[in-house]
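Visitor: Could you have a look at this structure, given as structure tokens, before my questions?
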Amino acid sequence: MKKYLVLTVFALLLAGCATSNHVSMQNVSEDAVAVAPEQPAANWSESPAFSETDRNQVAKSLKTKAIVAQTRQKQTKQLPYALEMQVKDDDDITNLLTHDYNKNFDIPIVFNDAVKYYIKWFSEDKKRVFASWLKRSRLYVPIITEILRENDMPEDLVYLAMIESGFNPKAYSSAKASGPWQFIYSTGGRYGLEVDYWVDERRDPEKSTVAAAKYLKNLFDQFGCWYLAAASYNCGEGRMGRLIQKHQTNDFWELYRYNTLPRETREYIPQLIAAAIIAKDPAKFGFGSITYDPPIRFAEVNVPAATPITAIAKASSVDIDLVRTYNPELLRGITPPGTNGYTVKLPSGVDKEAFYGRLETELEGIPTIRSVTTYKVRKKDSMARILKKYNVRQQDLVLVNSSDNELRIKSGMVIAIPKFSGERASTTVLAKGVTQDPPGPSKAKTVGKVKDDDARPAKPAPVRIAKAYTADRSVREAPVRPVKAFHVVKKGETLSEICDRYGIDEDSLRLANKIRGNRVYPNMKIRLVSHVERKKAAVSPARTKKVRYHTVKKGETLTSISEKYGVDVDDLKTANKLKGNKINRSARLKIVKEG
């Protein structure tokens with residue numbers, strides 16, 4: 001009996017061990033690789049069902065599976081902004097977007113945590129700011145998208161201008177970038193945008209968009225990706241190229257993950273995508289009650305040099321603030337003195353023929369400003385004192401110093417003093433930059449499919465001519481180039497080339513900029529000396545220079561001496577190589593006067 005009892009107990013023990021081993025093997029899977037090796041360890045030493053070789057093979061298999069699982073998990077974490085990983089379907093913003101929302105855009109759209117953050121930021125934290133951007137957007141979006149379309153560019157790049165400036169043509173950054181596309185001086189000049197004392201074409205929505213389209217197209221050709229092109233637009237193509245070489249990737253989101261891009265550039269692309277998503281359907285994101293500004297629809301007219309904006313407003317029967325809105329590139333109260341036939345934009349409904357007639361009437365009796373000289377306000381100076389000293393009217397002084405009809409002077413401030421066409425200016429030339437040939441008919445330009453029904457050629461703009469001529473009109477000076485206040489030296493330029501370009505004597509240029517030798521360097525800002533003759537200009541034989549000398553007496557100043565002899569203070573300083581306005585008693589000054 002005892003024998004059978006022992007056999008029965010032994011059989012039950014064998015059955016229990018086999019069941020335990022079977023269950024342990026079934027529990028080993030890829031989902032529990034971290035726990036599986038520990039669970040069967042106690043049973044291997046007791047169970048006769050596994051040999052030593054079997055146990056080693058199972059251990060190796062489990063270790064391999066664990067490594068593979070860990071590698072997959074690590075690779076999955078490194079994927080940049082996978083939609084299904086980092087953006088939950090139950091998120092409020094995610095629910096606002098349809099699965100095919102990408103079809104509404106012509107630039108790549110990625111929806112990730114960074115984009116989601118800026119959608120919330122624009123629609124919550126910066127809601128008032130973004131609302132003002134949306135309100136202003138319809139003023140310029142038709143112009144910008146039309147130009148982008150003409151240049152075979154994605155129209156959704158218009159939202160670059162939105163995040164750059166909020167569609168504000170007068171936006172100006174701490175980096176001295178200006179206009180809706182925020183061009184700096186050098187880049188704007190590279191793409192044909194003129195910047196001088198009178199105009200800043202970076203603020204012209206039309207011209208700056210043409211320049212931005214060319215720049216972005218070049219960046220896309222260089223990097224082959226709109227994200228990299230837009231990021232390069234922000235941080236510079238040189239820096240972007242170096243980062244791509246350093247990290248051996250042309251994926252913007254990979255560069256984003258490396259955290260080597262400037263902070264502003266890292267935020268740039270998510271902001272662009274977020275702005276585009278909101279602007280496509282603003283009501284979805286809480287911007288349903290915005291009153292949009294009407295689109296600008298304009299026609300172009302040509303006006304004479306130095307035409308006051310007030311005269312343009314009166315002749316067109318348009319509010320002066322609206323004229324400034326249509327022409328934000330004008331920095332002063334007049335059009336550039338050196339540019340006859342300057343193109344001005346006016347509302348498309350203006351009768352151009354009537355405008356030209358009224359403009360001619362408005363300009364009658366108004367002296368023509370040919371150029372300016374500069375004056376540094378002293379401590380005891382007042383507006384009345386300066387006006388009396390230079391014999392100018394206050395409204396003329398305001399015209400060449402301000403665009404909003406306001407001028408407040410303070411000590412140390414450098415202001416422009418207008419010079420007018422007339423006897424003292426030049427006895428043989430027309431007003432600076434003005435020719436007798438009337439400009440061609442104005443080119444009517446409209447935006448948003450608005451057509452100009454007036455097919456007749458526009459009446460030529462009135463041409464104002466200086467009052468003084470010589471007896472022989474066939475003898476004239478070489479044409480004078482338009483006034484430009486400064487020149488930024490480009491790579492490879494020399495002082496001699498700059499002087500030849502602007503017709504300025506080298507000694508005068510050195511003196512005005514305190515340059516000792518002939519060395520200039522790139523990006524150096526050189527002040528151009530005004531009112532000097534072209535270096536190699538043909539001089540009329542009828543004109544001669546009379547040279548005389550004056551010994552400075554006690555109490556005399558450069559101003560009093562210049563008024564005594566009828567010469568300009570700048571000319572007096574140039575002839576005597578004076579840097580400032582200080583002169584010593586008994587000093588002998590050279591007086592050069594045209595006879």
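Every number in this text was worked out from the coordinates using simple rules, so none of it is lab data. Everything numeric in this text was worked out from a predicted model, so none of it was measured. Neighbour counts run over all protein chains shown; Cβ positions are idealised from the backbone, glycine included.
Visitor: What is the pair-distance distribution P(r) of the stretch 288-334, computed from all Cα-Cα distances in 10 Å bins starting at 0, with each bin given as a whole percent?
Guide: Over the stretch 288-334, the share of Cα pairs per 10 Å bin runs 21, 53, 17, 8, 1 percent.
Visitor: Quick check: from the Cα gyration tensor, does the stretch 286-417 come out rounded (a/c under 1.5), prolate or oblate? Kindly include the intermediate steps, with their values, before the conclusion.
Guide: On the way: a/c = 2.77, a/b = 1.49, b/c = 1.86.
Here the stretch 286-417 falls in the oblate category.
Visitor: If I model a spin label as a point 7 Å beyond the Cα along the Cα-Cβ vector, how far apart are those points for residue 406 and residue 289 in nm?
Guide: Result: 3.2 nm between the two label points.
Visitor: Assuming R0 = 22 Å, what is the FRET efficiency of residue 242 and residue 221, from their Cβ-Cβ distance, to the nearest 0.05? Mind showing how you got there, number by number?
Guide: Working: r = 18 Å, r/R0 = 0.83.
For R0 = 22 Å, the calculated efficiency reads 0.75.
Visitor: Also, I was wondering about something else. Pairs 376/579; 389/545; 419/546: which are spaced more than 20 Å apart, C-alpha to C-alpha? Walk me through the numbers before you get to the answer.
Guide: Values: 376/579 14 Å; 389/545 26 Å; 419/546 22 Å.
Pairs exceeding the cut-off: 389/545; 419/546.
Visitor: Please compute the Cα-Cα pair-distance distribution of the stretch 191-256 with 10 Å bins starting at 0, giving whole percents from short to long.
Guide: All Cα pairs considered, the percentages come to 21, 42, 23, 13, 2.
Visitor: Starting from the Cα-Cα distance between residue 414 and residue 350, subtract it from 0.36 nm times their residue separation and give me the gain in nm to one decimal.
Guide: Length gained between residue 414 and residue 350: 19.2 nm.
Visitor: What spacing in nm lies between the two simple spin-label points modelled at residue 135 and residue 547, each 7 Å away from Cα in the Cβ direction?
Guide: With each label point 7 Å from Cα toward Cβ, the separation is 6.5 nm.
Visitor: Suppose R0 equals 41 Å; then what is the FRET efficiency for residue 258 and residue 563 from their Cβ-Cβ distance, rounded to the nearest 0.05? Don't skip to the answer; put the middle values down first.
Guide: Details: r = 68 Å, r/R0 = 1.65.
Working from the Cβ atoms, E equals 0.05.
Visitor: Right, something else. What distance in nm lies between label points placed 7 Å from Cα along the C-beta direction at residue 373 and residue 106?
Guide: 5.5
Visitor: Could you derive backbone 3J(HN,Hα) for the stretch 259-271 from the dihedral phi with the Karplus parameters 6.51, -1.76 and 1.60 (θ = phi - 60°), listing whole Hz in sequence and x where the residue is Gly or Pro?
Guide: 6, 9, 6, x, 4, 4, 6, 4, 7, 5, 5, x, 5
Visitor: Pairs to check: 170/217; 388/490; 491/593. Give those whose C-alpha atoms are more than 32 Å from each other in this structure.
Guide: 388/490; 491/593
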